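The values are calculated or read from the model by the stated rules, or taken from the named source; none is laboratory data. This structure is a prediction, so every number in the text was calculated from the model and none was measured. In this analysis, Cβ positions are derived from the backbone assuming ideal geometry, glycine residues included, and neighbour counts consider all displayed protein chains. These accessible areas exclude ligands, DNA and RNA; they are computed on the full protein's heavy atoms, side chains included. Shrake-Rupley method; radii C 1.70, N 1.55, O 1.52, S 1.80 Å.
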Amino acid sequence: MRSAIVLFSFLFLFSTASFGQDVNFSVTADRTSVSLGERVVVTAQITSNKKLSGNFAPQIGKNDEFDVLSQNQDQSQSTSINVINGKMTQSVTISYMFYYTILPKKPGEFTFPALTSVIDGASYSSAPFKINVGKEAAQAASDVKFTISANKRTLYVGEQGLLTVQIAIKPNAQVTQQGFAQSMDRINKSLGANFSVIQLTNQVKGVNQTINGENFAVFKVQFAVFPLKAGGFSIPPQSLEFVTLKRVQSRRDPFDDFFGGGFFNNNVQQVANSTVSNSLSFQVNILPSQPKGFEGAVGNFSLSVNADPKVVPAQEALTLSLVLKGNTRPNSMPDISLPTLSDCEVFAPEKRATMDTTQNGISCVKSFKYLLIPKNEGTLTIPQISWTYFDPASQSYKTLNSSPIAITVTKGKAGQAAQTRYLTQEEIRQVGQDIRYIKTNEKLKSQSDEPYKNPVLLLLFPIPFLTVLFGFLYKVQSVRSGKNTAQVLRKHAYRKTMKSLSALQKVQQTVGGSDFLSHLYAAVESYLTHKFGFIAAGKTIDEVKTELLASGVTSDAVEACAALLSSIDGFRFGMSALDNAARSALLQKAGTLIDEMDAMKKGKKA
């Protein structure tokens, strides 16, 4: 009874509306005055003397003043019996509880909006109420410290910056995977419009560290960010959800004295909490006036050029290799233009690009291999090759220049030049127009004046026509098959994905957590790519949502898909163990989502 009185003293009843004898609707909050970073739990309660059906949960729309961190619901039933003058009466009360955990975004006073519930065609509404948010967040005293930092706060457009998200957790606290994934998603969204963001950390592992004399498990996630436009940008304070474990004393009862009031009186309780990060601002500067030859590369680069062999006979091939290295993305490194080489045949280069992600950011290597064929004997000079980029460290444009390379071209081998030399590009284009005469020592034989009467000729005569017809039909079928490739992939996407999920379910208890999550993520990405015709791999969750909405997928299905991908990402960060129950739940969610999306796609076509 004492606990009930204490709990009631912390609840502030803002709106209680009675609508007839059957239904009561009320809205309560656990507090109306909080500090920035503290959460408020709003409870909507519906009581009735009969069981209610349908979806009557009150909905909270988007709000600029607070974030809705979680929504939960519960149901209970109580029965009261009264005996008056020997007559017994019984009444039943069913309570439906809806809990909304909200986190204010900024200090000041804001109005929590009215909630509405529709029950059996009747609408019930609460009254709005005020919540005061203090300016200072209790960050220092928190069991979880959430910080965002960057190696550079002033960048140029296209320059790579490193963003570090650090979460320090005390032993008695635990960050939920959902809360972690939501925080990472909010950071991505705050940067997405102005930066290209690439996550560098695949799996996060905690490191024990002492901060201000207290032990913490520290987790770090790093991102490479590339500004897309100039201006001032900022990441607002981000919220992070966590729980703390506290030992609380249960209410006293007649057995306390017998057991000594010790061990049996103490319980461990999970207390939901949240904290906020610091804000972080960036100043992005526009590049200075661009010189001729600059094509947008920003960073630190190196260039190497090599030819092999250095001595080659005329009409023989040599390889010219160009290797470009830099700390940026492959699509931010323009190709190298080869100068015009006279008296030399130059074939299109073989291109290759590799990208590596480390704690120091992204690095890229682009290589180009040209096949060169000198035409005449003498010296072939490969002139200086230049490539211009902007260096943020010196705030100036720089040009990489190679040294000229001299190739000694010797006389071609006599008698073998026609057989061993490479055809020039012009010869390749003209080879189909040349007339080659075939000389033979065979003597003419006497032939019949009526060869059409030869049975062998009659048998062989249709073969050329049949060959041409078969070739034509094969070509038509190949064209149709090529056009229908996307359609075939779309048709079989559902069956192939469900087969992958079924195979993964059979081995879910034996494969490692990282392999399980990688295979599950790949299965979902493969389904989205083949079913909706866009490449899902490498896209952020927001980009996937945009593509799905453009493909006609309903907003509910898009949000369900985003939630599934966020859940998988949450486990991939390794904040807690991925047990068998969690694996089964992820597989079930993936199967249900794909079932719904496939049924919706078929319905759209029908």
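Points to keep in mind about this one:
- Taking Cβ atoms as reference points and 12 Å as the exclusive limit, the residues near LEU549 contribute a net charge of -4, counting Lys and Arg as +1 and Asp and Glu as -1.
- Unsatisfied cross-links (Cα-Cα over 31 Å) in the set LYS62/LYS539; LYS499/LYS545; LYS325/LYS589; LYS220/LYS496; LYS145/LYS325: LYS325/LYS589; LYS220/LYS496; LYS145/LYS325
- Charge context of THR497, other residues only, Cβ under 11 angstrom, K/R +1, D/E -1: +1
- The share of accessible area on the stretch 308-356 that comes from carbon and sulfur is 47 percent, using a 1.4 angstrom probe.
- Whole-percent carbon and sulfur share, accessible surface of the stretch 108-203, 1.4 Å: 50 percent
- Simple label model, 7 Å out from Cα along Cβ direction - ARG352 to ASP391, nm: 2.9 nm
- Among the listed pairs LYS310/LYS369; LYS105/LYS135; LYS152/LYS229; LYS351/LYS413; LYS475/LYS531; LYS106/LYS152, those whose Cα-Cα separation exceeds 20 Å are LYS351/LYS413; LYS475/LYS531; LYS106/LYS152.
- The stretch 292-345, accessible area per residue, ligands and nucleic acids excluded (1.4 Å, Å²): 46 Å²
- With both labels modelled 7 Å from their Cα along Cα-to-Cβ, the SER502 to THR32 distance reads 5.9 nm.
- Exposure ranking of SER402, SER342 by accessible area [1.4 Å probe, largest first]: SER342, SER402
- Per residue, the stretch 191-230 exposes 52 Å² of accessible surface when a 1.4 Å probe is rolled over the protein heavy atoms with every protein chain present.
- Accessible-area value, MET355, 1.4 Å probe, nucleic acids and ligands omitted, Å²: 100 Å²
- The portion of the accessible surface of the stretch 37-81 made up by carbon and sulfur, rounded to a whole percent, is 37 (1.4 Å probe; DNA, RNA and ligands excluded).
- Centroid-to-centroid separation of the stretch 382-399 and the stretch 269-293 [C-alpha atoms, Å]: 28 Å
- Accessible area (Å², 1.4 Å probe, nearest 10) - VAL553: 10 Å²
- Note on ILE60: accessible area approximately 30 square angstrom, rounded to 10, probe 1.4 Å, nucleic acids and ligands left out.
- For the stretch 498-539, the solvent-accessible area works out to 51 Å² per residue, with a probe of 1.4 Å and every protein chain left in place.
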